[in-house]
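The values are calculated or read from the model by the stated rules, or taken from the named source; none is laboratory data. Being a predicted model, the structure only gives us computed values, none of them experimental. Here Cβ is always computed from backbone atoms with ideal geometry, including for glycine, and neighbour counts include all displayed protein chains. When the accessible area is computed, the model is the full protein with side chains, heavy atoms only, and any ligands, DNA or RNA have been set aside. Shrake-Rupley method; radii C 1.70, N 1.55, O 1.52, S 1.80 Å.
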Amino acid sequence: MQQNAVELCTILVRDTYGELSSRVVAILLEYGRSALHTIVRRVKIPEKIVKQTLVVLIQQHLVLHYTHDDGGRDTTYYQCNWLQIYELLHSGRIVRTIEERFGTDAASIVSNFLLLGHAKVSDFIAAYGISTKAKPNGTLPNESTISASEATGTAPITSAVQISKHIVTLMQEKFLIPVQLHHMHPTIDTENAIRQKVTNEQTGITAAMQTKMKKAIDEKVAERMESLSTELDNRNFGLKRKSDQQEGRPRKRTKISSAQGSEEEEWEIDGTIVLRVNNAKFLAIFRNEELVRWVESRIGKVTSIVYAELLRHMENKTTDHRTENGLVEVGKKPVVSTLDVGNTLSKDIDLVNSIASGLPVTNGGSHKRHMVNGGSDHFDEAEDSEGDSDDYDLDADVEEADTGVNGKHELSSAAQEKKEQLQNIRKHLALLAEDSNRFVTKHDGSMQYGGWTVDTERLCKLLRTRELEQIIEERFGGIATRLVRIIKDRGKMDEKGLADTALLRQKDIRAHLGALHERGFIHIQEVPKTAERLPARTFYFFYFDEKMSKMAMLNDFYKSMSRIMQRIDHEREVNTMLLSKAERTDVKGHEEELLTKKELADLAKWKRAEEKLVGQLMRIDRQVMMFRDW
Amino acid sequence: MAFRGGRGGGFRGGRGGSSNGGPLMPREFDVKPDFGPTEQFPDYTIPFQDPLTPTERIHIARFRDHREKIHSGPLYTVLGKRKGLENPFEDVVTYSAKKYHRQKRKVPKLDSRPYVLEFFPVELWETMDSSYAPGTDRSVVINGKREKKRLLISSLNTALPNGGLHNGDQSDGSDDDEEKEKKSVLAKLMSHKDEDDDGLSDGNAEAEEDDEAEDEGEEEDDYQDDEDGDYNAEQYFDDGDGDVDYGDDDGGGGGAWYD
Amino acid sequence: MSDLQAVARTVYDACIPNHQKLYTSNELLAHIPKRDPQILLETVNELLGRGYLKTLKQGDTFVYRFVTKEAVDRTRALTSDEALVFQHIESSAREGIWTKTLKTRTNLHPTVLTRCLKTLEHQRYIKAIKSVKYPTRKIYMLADLTPTIEVTGGPWFTDAELDADFINALLVAVERFVASRSFPKQKPGNNLGTIIPFEAGYTGYPTLSDITQWVKNSNLTEVDLSEADIKALLDVLIFDGKLERVIGGTAFKAIRKIEGAVKQGFTEAPCGRCPVFDLCHEDGPINAANCVYFEKWLAEI
């Protein structure tokens, strides 16, 4: 973990949970895993308070713990989960994401799980403590945090059902995941424990044989570690089928629910299960949003909408796990079919006028360049133009689709429309596949209208490269970017070769190379021509090291983020008096009446400043995720 | 331009006629020492922030709101200022300040919610729930009533940051008819409940507050005197700061703790 | 010309209008009465002796080049030292010769050599050139010759200096051309005025030869640019992230640029380009609270 990340995490915890938590976190980050008494000694805070603080931090998953049997006496070690601390920055975006997808009720549930760290489902639902008494529309208090500690009446069916329904959906889509004991422990301890167990199972084996067995044991450990997470990947983990009181099994079964007569299978939650927000899922969503933005700038808005829809399907078919090395996709690469996209894509999107059928000028010139007109009255023309230009081997699928029905003239208008929509979607997907970044890859299977996969790992690597180049361009200018790209493309190069390829004078690139070298974007290898290693008799080769650049960049990002947060603190400090007045419960909501003109202006100014600073923080966060998580 | 502390210089012009085309790195990196007075913040063109997009502004609003909720919740702690560092003008404790100012907590309030104890190391169990003893019903006695603890639940602020001016109070949204429509079912239900419970909750909250205050008093005896360190626990935790309240605020700012 | 025999004179007059051409013996024979080889031999010897003709070797055969009268007169007016220097420079042809080499070959005293070169240069018989390979060497060649590409460095060089302005102008022009062929023409009345892409499988993107042809036909430059030269330009544009290869690398397409599509994080924060970033420390003399850059950055709201 980098020093600048330590600073940032400490500041983040202070900003979110206050002074005590940040002191304990700072000690844990500085010294690594520690026992309680060590923490108490170092942090110089009374043990009782350290314990209380640890409870807070563990509850929020910011600190992990593990109890070892140290020769008959148990010792518990605590360790910071710094990636989870970093996640504190994502709260706003997480809540907003759910709000956009499922509405405010679901967002409120997720927001509460974030606030709570984790919670038992039954406790969670009970906390809503919804009253049965229907009161006329009461107004919402300004600060709507409420205590549920006294509601005694049974929750009205409607709302409790609503909460559970949301939770089921959020669980099925893995926004909320069950917490298990091993989630509270550092991975390494879990692994060691499993290893111990596996080794012990091999009874009667001598030490010498054990080394031989090492490989087998390693495999078994890896297998068990994996099974810890794959269990959770089951869509209905922690859910049970309604009226059917046994644990939910993956086997799907359609059954008619007596209550609503719908054909959907009804699931209910196992109330004893403990849930938390699945940060990895959101990281994957943020990543996909970034890919969509990329497509929008490279290809176009409509294609990016189609891509977003495809990634949405992808997202539900895959599970990402978070590791120190970023997100790891588990299992087989999911395939999304054009049909999947067509089923959910809004019909209002103008798929047709967003692509030009460019009959190449060089191609005989018998066709004028024209826009594809996919309107049903021009269907034949559209079909023609596709036949001409679409040498993408997609036509076979269309034919299949056609033969499925009794000739296209007998298609109902709805079916006709559907068919055209699918063809048009496929054109956008073909565009994505053809792009030099290969945003999608055509799947070999024989899916109607084609199936697609997305190689997110490769795309994110490209995304990173692009971002790094953009940063270099912003900081050092276009020439420096050109040089870096040449070095990356050609490998090690000397100044002369670089200048020649870049069509630049050697003396003009020297300063750029120096600046890039100084900030760690490029490196120099010296190759002496003679044994004396004289500087004048030495070749200097420039080279690029992606990993080192990535680390250098991340370190700068963290530092910059820390500075922004410290500046927010500073701005707040400058306005302490004003802010504490504005926060007064009698002032809140009545600022216009109770604050002076000057105070109002200052308050607005502070809020603008904070928004600007937080905004910049989020933008750097995007880059951090790109370099570290995706 | 002046070369400051090894920065900003990069290469100076090379030895014009080096025939091998090599840049002669070590020599090129020499930086002329600058003996002149240096500015602390040398001038440079400060970048300009591309205006925040509406999406970004919503993310920021949600982030601030979420942080605000934590700050007014039971887990956020503020340490008092060191003795002698208080600002005599700003830190004067007035009646109105005591009454209306937001409470500050010096230690997290833990006993207000149920825990999944098995997720915590045993050595912390007692801290989490003083009534905890293996095998017994985990509930607290409040006002003689045996009651199960509940989680604190808060509603979501769904206000959008309004256009040009960032008129801060996001919950102002309720003035807007449209916003009102959008109020979620949960929010409505919760507001009903809040009204329902007003009377009761105040009583409970105060009762709890008192208990709490006593607890804190005892705690202070435990503090070790550690004058040597750069941090003096006692001074930090010494209660002398009027607007610090150890009491239960039920999540802060709701109807619970002011009348 | 009075010093020449009639035959020699006829041959000379016939060939001198085309004096850059290299003649083979057979070609000269055409001008000899009865194509008599003996007369040819005599005539050639005469012309060579008077300095009106020079022999050159092309592969294994000898070829001849005629020298203009002015050039002959010029040479005749030279001192023997000057003539010696001139000969050596002449023999270096389009490569040119380094003064140091000249000195060893002629074995002249440096002052004498310098004087000779001065005279020759003054009379515009020779010129000093700059070599890309050896920018510091003083190199001479005959005034009416054009240096080879090895010496000049090719079309990108002017006076052995890379002509940045010329290159940049070409880069911009080529990028514009490729961009104009990368996206469909806007249809009048098209919604939103956004650029839409060609469909997948479109093959109308310009190839290297398309682009080379376009540069040739445009009046961008008089310099003759080969496909290799244009490829070097395209490579730079690809390195600049302005173009990319498409259709299996055979054609080129412009990369769409959308203003402000990517929100810069780090580099738009005051820290991103801060000159004292490395010195900035929470408890140091330079910190976030007293940072004047933040002050100015925040003032721009």
Report summary line: Note: residue C:50 to residue C:101 extended length (0.36 nm per residue) minus current alpha-carbon separation gives 15.5 nm
Requested in this report: Could you list, in their original order, any pairs among C:100/C:130; A:496/C:138; A:529/A:550 whose Cα atoms are separated by more than 25 Å?
Outcome: A:529/A:550
Query - residue A:230 paired with residue A:526, simple spin-label distance in nm, labels 7 Å along Cα-to-beta-carbon - result: 5.3 nm
Report summary line: Quick note, the range C:1-97: a/c under 1.5 would make it rounded; otherwise a/b > b/c is prolate and the rest oblate (a ≥ b ≥ c, C-alpha gyration tensor); here it is oblate
**Report entry** Radius of gyration and Dmax over the Cα atoms of the range C:163-254, both given in Å
**Finding:** 14.1, 43
Query - Protection-proxy order for peptides A:271-280, B:55-64, each taking the mean of Cβ atoms within 10 Å per residue, highest first - result: B:55-64, A:271-280
Report task. Would you mind checking the range A:583-606 for residues with the amide N under 12 Å from a putative spin-label position 7 Å along Cα→C-beta of residue C:289? Result -> none
Report summary line: With a ≥ b ≥ c from the Cα gyration tensor eigenvalues, square-rooted, and the rule rounded for a/c under 1.5, otherwise prolate when a/b > b/c and oblate otherwise, the range A:3-80 is prolate
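Please give the charge dipole size of chain C, origin at the Cα centre, charges +1 on K and R Cβ atoms and -1 on D and E Cβ atoms. Round to the nearest 20 debye. Working shown, then result.
Working: 37 positive and 37 negative charges, 169 e Å.
Value, rounded to 20: 820 debye.
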Report summary line: In the range A:1-126, taking the dipole from +1 charges on Lys and Arg beta carbons and -1 charges on Asp and Glu beta carbons about the Cα centre, the listed residue (A:103, A:58, A:122) farthest towards the positive end is A:58
Query - Segment residue A:122-residue A:41, extension gain: residue separation times 0.36 nm, minus the distance between their alpha carbons - result: 25.3 nm
**Report entry** Simple spin-label estimate for residue C:114 and residue A:69 in nanometres, 7 Å along Cα-Cβ
**Finding:** 9.6 nm
Report task. List, in the order given, every pair from A:317/C:253; A:301/C:242; A:488/A:612; A:581/B:69 whose Cα-Cα distance in the structure shown is over 25 Å. Result -> A:317/C:253; A:488/A:612
**Report entry** Interface B:A - total buried accessible surface [probe 1.4 Å, Å², rounded to 100]
**Finding:** 11000 Å²
Report task. Once you have a ≥ b ≥ c as the square roots of the Cα gyration tensor eigenvalues for chain C, tell me rounded if a/c is under 1.5, and otherwise prolate or oblate according to whether a/b is larger than b/c. Result -> oblate
Query raised in the report: Using 1/(1 + (r/R0)^6) with R0 = 41 angstrom and r between the beta carbons of residue B:117 and residue A:574, what's the FRET efficiency to the nearest 0.05?
Result: 0.40
Report summary line: Toy charge model, Lys and Arg Cβ at +1, Asp and Glu Cβ at -1: the range C:3-66 dipole around Cα centroid in debye, rounded to 20, equals 140 debye
Report summary line: For the range A:485-630, the charge dipole (Cβ of Lys, Arg +1; Cβ of Asp, Glu -1; about the Cα centre) points to a positive end, and the Cα of A:498, A:524, A:609 closest to that extreme belongs to A:498
Query raised in the report: Counting only heavy atoms of protein chains, what accessible area per residue, in Å², does the range C:3-66 have with a probe of 1.4 Å?
Result: 62 Å²
**Report entry** FRET efficiency, 1/(1 + (r/R0)^6) with R0 35 Å, evaluated for residue C:19 and residue C:207 via beta carbons
**Finding:** 0.25
Requested in this report: Give me the distance in nm between label points sitting 7 Å out from Cα along the Cα-to-Cβ direction at residue A:551 and residue C:218, one decimal.
Outcome: 4.6 nm
Query - Virtual paramagnetic centre 7 Å along Cα→Cβ of residue A:347, amide N under 19 Å, in the range A:310-337 - result: none
Report task. Pull out the extension gain between residue A:417 and residue A:339, defined as 0.36 nm times the separation in residues minus the alpha carbon to alpha carbon distance; nm, one decimal. Result -> 26.7 nm
Query raised in the report: With charges only on Cβ, +1 for K and R and -1 for D and E, what is the dipole size of the range C:127-247 about its Cα centre, in debye, rounded to 20?
Result: 100 debye
Query raised in the report: For the range A:30-94, what is the relative contact order in percent, using Cα pairs closer than 8 Å and at least 6 residues apart in sequence?
Result: 33 percent
**Report entry** Largest to smallest principal axis extent of the C-alpha atoms in the range A:550-629, angstrom
**Finding:** 52, 19, 19
Report summary line: Dividing the surface of the Cα convex hull of the range C:34-80 by four yields a projected area in nm² of 4.3 nm²
Report task. Please name which of C:164, C:239, C:180 has its Cα lying farthest along the dipole of the range C:163-254 towards the positive end, using unit charges on Cβ (Lys, Arg +1; Asp, Glu -1) and the Cα centre as origin. Result -> C:180
Report summary line: Charge tally for neighbours of residue A:182 with beta carbon under 10 Å away, counting Lys, Arg as +1 and Asp, Glu as -1, is -2
Report task. Under 12 Å from the Cβ of residue C:63, count the other residues' Cβ atoms, weight Lys and Arg +1, Asp and Glu -1, and hand me the total. Result -> +2
